[in-house]
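The values are calculated or read from the model by the stated rules, or taken from the named source; none is laboratory data. Computed from a prediction, not measured in an experiment: that's the story for all the values here. Heads up, the Cβs are rebuilt from the backbone with ideal geometry, glycines too, and the neighbour counts pull from every protein chain shown. Only protein heavy atoms, including side chains, enter the accessible area calculation; ligands, DNA and RNA are left aside. Shrake-Rupley method; radii C 1.70, N 1.55, O 1.52, S 1.80 Å.
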Amino acid sequence: MTNELLETIEVETGASPAASVIWMHGLGADGNDFVPVVQELGLDHAPAIRFVFPHAPMQAVTINNGYVMRAWYDVKWGDLEGRSKQADESGVRASQAAIVQLIGREVSRGTPPDKIVLAGFSQGGAVALQTGLRHPQRLAGIMALSTYLPLAESLAREAAQENRRTPLFMAHGTQDGVVPYAMGLRSRDMLVEQGYDVEWREYPMQHSVCLEEIAHIGAWLTRVLA
């Protein structure tokens with residue numbers, strides 16, 4: 001991954017946005033994936049928001065037989081059974097650095113860090129957690145959908161005090177066959193044990209999002225960006 005800014009798609013809900021949501025897609029998707037969700041969030045009572053949907057870099061993914069696709073980091077056999085020591089640490093940290101650059105760009109455009117939410121689905125949610133919990137400036141919130149806590153063993157020593165009280169929204173499908181529900185639940189429990197404020201939601205669905213979840217996301221965003 002280079003030092004160049006990631007390519008992004010942007011959607012603004014009103015003129016002169018006062019807040020930003022940087023929303024990362026899942027493995028093999030791209031920044032277009034969640035663009036249609038914006039109009040479904042019911043943000044009538046929220047400030048004008050700039051949604052930033054970055055495209056992950058193209059890279060070979062081991063679990064998909066080395067096929068080259070958009071990915072925030074490599075995934076190997078066993079990673080999604082919770083064997084964190086096999087995780088692609090260098091890839092996770094490279095994506096963290098890339099998202100930090102996007103946070104910096106939003107700040108340079110006039111959005112203070114405490115009006116920026118990091119969000120993501122699946123792999124993108126893992127990057128949101130990795131980046132947000134370690135970010136040295138207070139953020140508005142972190143949203144992690146159908147995902148897990150990466151590099152969990154290093155969080156206690158790397159966590160930024162500035163985001164110890166940042167609201168976290170985590171949601172998972174109870175029938176998820178890609179990122180097991182138990183893995184998401186375990187990640188939530190680890191965060192709660194470390195004192196984080198986690199709003200947890202679960203839905204009778206597979207590895208996806210649902211209308212009820214979208215309504216909960218919209219309400220949460222309206223609250224943390226008020």
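With all protein chains in place and ligands, DNA and RNA left out, the 1.4 Å accessible area ranks 93, 134, 157 as 157, 93, 134, largest first. Rounded to the nearest 5, what % of DSSP beta bridges with both residues in region 32-149 are antiparallel? Antiparallel: roughly 45 percent of the beta bridges in region 32-149. With R₀ fixed at 45 Å, the C-beta to C-beta distance from residue 214 to residue 108 puts the FRET efficiency at about 0.90.
Taking amide hydrogens as placed 1.01 Å from N in the peptide plane, the amide H of residue 19 sits under 5 Å from those of 50, each at least 5 positions away in sequence or on another chain. Residues whose amide H comes within less than 5 Å of that of residue 148, counting only those at least five positions distant or on another chain, are 126 (H built at 1.01 Å from N in the peptide plane).
Take every Cα pair under 8 Å whose residues are at least 6 apart in sequence, average their separation, divide by the length of region 83-226, and the relative contact order is 20 percent.
For the chain, the extents of the C-alpha atoms along the principal axes are 45, 37, 35 Å, listed from largest to smallest. A 1.4 Å probe run over region 1-156, with the rest of the protein chains in place, finds 40 Å² accessible per residue.
Think of the chain as a dipole: +1 on every Lys or Arg Cβ, -1 on every Asp or Glu Cβ, centred on the Cα centre; then among 31, 146, 226, 226 lies furthest on the positive end.
Under the shape rule built on the C-alpha gyration tensor, where the axes satisfy a ≥ b ≥ c, region 124-226 is oblate, since a/c reaches at least 1.5 while a/b does not exceed b/c. Protein heavy-atom surface of the chain, 1.4 angstrom probe: 50% of the accessible area is carbon and sulfur, with nucleic acids and ligands not counted. Using the rule -39500 (n - 2.57) for each DSSP H run of four or more residues, divided by the residues of the chain, the 222 nm mean residue ellipticity is -8500 deg cm²/dmol.
Ranked by the mean number of other Cβ atoms within 10 Å of their residues, highest first, the peptides 39-48, 25-34 come out as 25-34, 39-48. Spin-label pair residue 15-residue 63: with each label point 7 Å from Cα along the Cα-Cβ axis, the two points sit 4.6 nm from one another.
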